[in-house]
Amino acid sequence: MALMTGEEYIESLRRLKTRVYMFGEQVENWVDHPIIRPSINSVAMTYDLAQDPEYADLMTAKSSLTGKTINRFTHLHQSTDDLVRKVKMQRLLGQKTGACFQRCVGMDAFNAVFSTTYELDEAKGTKYHENFVKFLEMIQDEDLVVDGAMTDPKGDRGKAPHAQPDKDLFLRIVERLPDGIVVRGAKAHQTGAVNSHWHLIMPTIAMREADADYAVSFACPSDAEGLFMVYGRQSCDTRKLEDPCSVDVGNSRFGGQEALVVFDDVFIPNEYVFMAGEYEFAGMMVERFAGYHRQSYGGCKVGVGDVVIGAAALAAEYNGAEKASHIKDKLIEMTHLNETLFCCGIACSAEGHPTKAGNYQIDLLLANVCKQNVTRFPYEIVRLAEDIAGGLMVTMPSQKDFESELPAGRGGESVGEICRKYFATREDMDVEDRQKVLRLLENLCLGTAAVGYRTESMHGAGSPQAQRIMISRQGNIQGKKDLARAIAGIENR
Ligand code: SF4
Ligand code: FE
């Protein structure tokens, strides 16, 4: 099958019988739901840009499995050049959507599961890698979206999976049958889960023998029997219910999405199982997936950052303040921070290396440094954007007030006319343009898109402490001591 268009992707979702709950109700037509649809549009952009010859180098690749042209979001990276292109593709998508476009988690999971199953089979004589390759060939051929799912709810953080009072707080195998396994549990904060055709499940932490039932990796269709999702709400999400096209929404075309994915005794046939009890390999899968996803943030957050910087610059221009030296300096600082993140994304890619299975892995230390910076810089970029935007970003009346014909002034001026009079700036500026850019900034800094740009920058792909642990492991302090000893002429006793 050829690469799908965005429209074909959206139509393909209608054929799924995905079970979704939101605001206490089951959502029947979730594809057209005003809160969900913008996140579907973001994923559709990963299809539409792949159709555009201008972006073919970034958006498509030659499959290492079949030799066919595939969407890069389903690709196994074959070189450091592939890793660099991945980051550039993510920056492009961030620029085009101003939101999380969700398809990266699957791509990062493919690459982690591919290399881990290879080494697992080598050690244990299992057939997981073969299973996975067949699964991925199908995904590449049909150009599907896969939710790469790692994060368990985790219950009491002080207890291992098997020691939790409620055994379901980490996803686990509850039954082993001749033709497959039955799994129970959940994956939380799943980016793009509702918009995916399949889910690719991985364990969430390194595990010991007592947690063997929790060391499980498999693939499963979104509408499998026993699988359902509860949609995560976002700040200001119901503005889309009032009027999905209102200026007040800020970004009415695109958005991101997270959900709780519940596996209520789901049967997984053997052919879709990629780990079932080999706890020694859980840590490898986690570390590799996290490494790829920490690289990803050096692309996607930078692309969204470009939109934040552009919107702040426009807000200054509309206010007539763009020539002020402090505004120029703030835009320089925002650009410096944003490009520093891009440097990290490119660096961990350029320093990548092949795995035993043949696909390329990023440099782990640099990917963790990348993500650690992402937990900080978008916050500073947003702080500067709010500084430049001014308080009106959060005090501006609604679009309905701007449009209101209700007479309010002494001379019979309507509420709308009053709003347009008092929020006017430069004579050559349209008040509505000012409204639009401030609402876009509100959306990126505090609204639905802030889920992806702020809190996800903190916790997505692992919270800051997870990166610090990896940085301490990979930092080679011993080697650095040797360097200091050699220069100072100290003998290594
Ligand atoms: Fe992709 Fe970024 Fe969203 Fe993760 S947060 S899925 S890397 S766009
Ligand atoms: Fe993420």
### Message
With +1 on the Cβ of every Lys and Arg and -1 on the Cβ of every Asp and Glu, and nothing else charged, how large is the dipole of the chain about its Cα centre, in debye rounded to the nearest 20?
### Response
1420
### Summary
Helix 464-474: inclination vs the chain longest Cα principal axis, degrees, rounded to 10, gives 40
### Query
Quick one: accessible area per residue over the chain, 1.4 Å probe, rounded to a whole number of Å²?
42
#### Entry: Virtual spin-label span in nm between residue 177 and residue 432, 7 Å along Cα→Cβ
5.9
### Query
What are the GluC sites (Glu not before Pro) within the stretch 286-361 that DSSP puts in a loop, where the Cβ has at most 14 other Cβ atoms within 10 Å?
none
### Summary
Here, GluC sites (Glu not before Pro) of the stretch 397-478 satisfying both criteria (DSSP loop; at most 10 other Cβ within 10 Å) are 405, 427
### Helix 282-319 axis, angle to the chain major axis (alpha carbon atoms, nearest 10°)
10
### Summary
Gyration tensor on Cα atoms of the stretch 287-477, a ≥ b ≥ c root eigenvalues, a/c under 1.5 rounded, else prolate if a/b beats b/c, else oblate, says prolate
### Task
Express the carbon and sulfur contribution to the solvent-accessible surface of the chain as a percent, rounded to the nearest whole number, probe 1.4 angstrom.
52
### Query
Extension gain residue 52-residue 264, at 0.36 nm per residue separation less the Cα-Cα distance, in nm?
72.2 nm
### Message
Quick check on the stretch 6-280: take the gyration tensor over C-alpha atoms, sort the square-rooted eigenvalues as a ≥ b ≥ c, and tell me if it's rounded (a/c under 1.5), prolate or oblate.
### Response
oblate
### Message
Would the stretch 104-245 count as rounded, prolate or oblate if I go by the C-alpha gyration tensor, calling it rounded below 1.5 in a/c and otherwise prolate when a/b exceeds b/c, oblate otherwise?
### Response
oblate
### Query
When Lys and Arg each count +1 and Asp and Glu each count -1, what net charge do the other residues less than 13 Å away from residue 442, Cβ to Cβ, add up to?
+3
### Query
If we count every other residue with Cβ under 13 angstrom of residue 469's Cβ, Lys/Arg +1 and Asp/Glu -1, where does the sum land?
+3
### Query
Taking only DSSP H segments of four or more residues, each worth -39500 (n - 2.57), what value at 222 nm results for the chain once the sum is divided by all its residues, to the nearest 500 deg cm²/dmol?
-14500 deg cm²/dmol
#### Entry: Loop-located trypsin sites (Lys or Arg not before Pro) in the stretch 210-246, at most 15 other Cβ atoms within 10 Å (DSSP)
233
### Message
If I model a spin label at residue 422 and residue 472 as a point 7 Å from the Cα along the Cα→Cβ vector, what separation in nanometres do I get?
### Response
5.5
### Query
Tell me, what is the percent relative contact order of the chain, built from C-alpha pairs under 8 Å that lie six or more residues apart?
18
### Task
Kindly point out, ordered by number, any Cys in the chain whose beta-carbon has no other cysteine beta-carbon under 4.7 Å away.
100, 104, 220, 236, 245, 300, 343, 348, 419, 445
### Query
Taking Cα centroids, how far is the stretch 393-416 from the stretch 155-189 in Å?
55
### Cα centroid separation - the stretch 36-101 against the stretch 464-483, whole Å
33
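The values are calculated or read from the model by the stated rules, or taken from the named source; none is laboratory data. This structure is a prediction, so every number in the text was calculated from the model and none was measured. So basically every Cβ, Gly included, is an ideal-geometry build from the backbone, and we count neighbours across all protein chains shown. Accessible surface is based on the protein model in full, side chains and every heavy atom, while ligands, DNA and RNA are left aside. Shrake-Rupley method; radii C 1.70, N 1.55, O 1.52, S 1.80 Å.
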